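The values are calculated or read from the model by the stated rules, or taken from the named source; none is laboratory data. Here the structure is a predicted model, which is why all the values come from computation and not from measurement. Heads up, the Cβs are rebuilt from the backbone with ideal geometry, glycines too, and the neighbour counts pull from every protein chain shown.
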């Protein structure tokens, strides 16, 4: 499978940050992998304009399950498409923790996003307490079972494993821990959806210095990158590592 380097800018970036996109495109004009940036909503349309005609794809960080309505501050899937997005991140642990999102709500969002034509990146991952209790695979398997709607389009689905305890902490799981989860994800998704062609991303303190080791692992098809995607040089280093592993 073709690798995917996806950047999640989270609540970071203003108009001045768009210079990093120009630098990234100069550094990786025609990579041997797919590149995606998911900026804050205020930058979506401007970043999409910069990316037009290039290898860079643009995505949203969330969407509402409803197509429209009295949902102050929310963004529908159709609005993301209108702004130039082709992808959307759903079920990120920060949304689950900070906004109380449930698996059922995530499943509704996936249905809405795919109906609008978006490729969905479903995030799953365990907390430190769940990992220490030996429940990581149980928790992640439950998230897969409950967050995927029955009518999910596997051709427009990406799954990202992000251990909650590794996001933004500088800590990463061991290669064996990552492999164990990704192998389990591949088996579960193959059983559920009948295909082994869903790209599996690892996320959680990915940076140029550890990217090559992570991408060398079985069933790791790319990364969902947080802080390191904000700077063109850092993200270009991760992209180069993914190209080398492809």
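Quick notes
- Region 84-102, residues that are in a helix (DSSP H, G or I) and surrounded by fewer than 18 Cβ atoms within 10 Å (Cβ to Cβ): 97, 98
- Hits in region 1-20 (condition: touching a strand residue (DSSP E or B) at 6+ places or on another chain (Cβ under 7 Å) and either modelled with pLDDT under 95 or assigned to a helix (DSSP H, G or I) (or both)): 1
- For the criterion of being surrounded by 19 or more Cβ atoms within 10 Å (Cβ to Cβ), closer than 24 Å to residue 241 by Cα and in contact with a strand residue (DSSP E or B) (Cβ under 6 Å, 6 or more places away or on another chain), residue 122 passes.
- Pair list, Cβ < 7 Å and 6+ apart or interchain, from region 89-107 residues that are without any contact (Cβ under 8 Å) to a residue 40 or more places away in the chain to residues that are surrounded by fewer than 20 Cβ atoms within 10 Å (Cβ to Cβ) and assigned to a helix (DSSP H, G or I): 101/95
- For residue 38: the one exception among (1) within 23 Å of residue 215 (Cα to Cα); (2) touching a helix residue (DSSP H, G or I) at 6+ places or on another chain (Cβ under 8 Å); (3) modelled with pLDDT of 95 or more: (2)
- Listed by first and then second residue, the pairs linking a residue in region 206-233 that is on the phi > 0 side of the Ramachandran plot and touching a residue at least 24 places away in the same chain (Cβ under 8 Å) to a residue that is surrounded by fewer than 23 Cβ atoms within 10 Å (Cβ to Cβ) and in a helix (DSSP H, G or I), with Cβ atoms under 7 Å apart and 6 or more places separating them unless they lie on different chains, are 219/182; 219/183; 219/186.
- Restricted to region 208-234, and to residues there that are in contact with a strand residue (DSSP E or B) (Cβ under 6 Å, 6 or more places away or on another chain) and not in a loop (DSSP other than H, G, I, E, B), the residue that is farthest from residue 177 (Cα to Cα) is 229.
- All conditions in (1) without any contact (Cβ under 8 Å) to a residue 12 or more places away in the chain; (2) in contact with a strand residue (DSSP E or B) (Cβ under 9 Å, 6 or more places away or on another chain); (3) not in a helix (DSSP H, G or I) hold for residue 73, with the sole exception of (2).
- Checked against the criterion of being on the phi > 0 side of the Ramachandran plot and loosely packed, with under 14 Cβ neighbours inside 10 Å, the candidates 13, 73, 67 yield just one match: 73.
- Which listed residue, of 91, 84, 117, 100, is in contact with a strand residue (DSSP E or B) (Cβ under 9 Å, 6 or more places away or on another chain) and farther than 15 Å from residue 39 by Cα: 91
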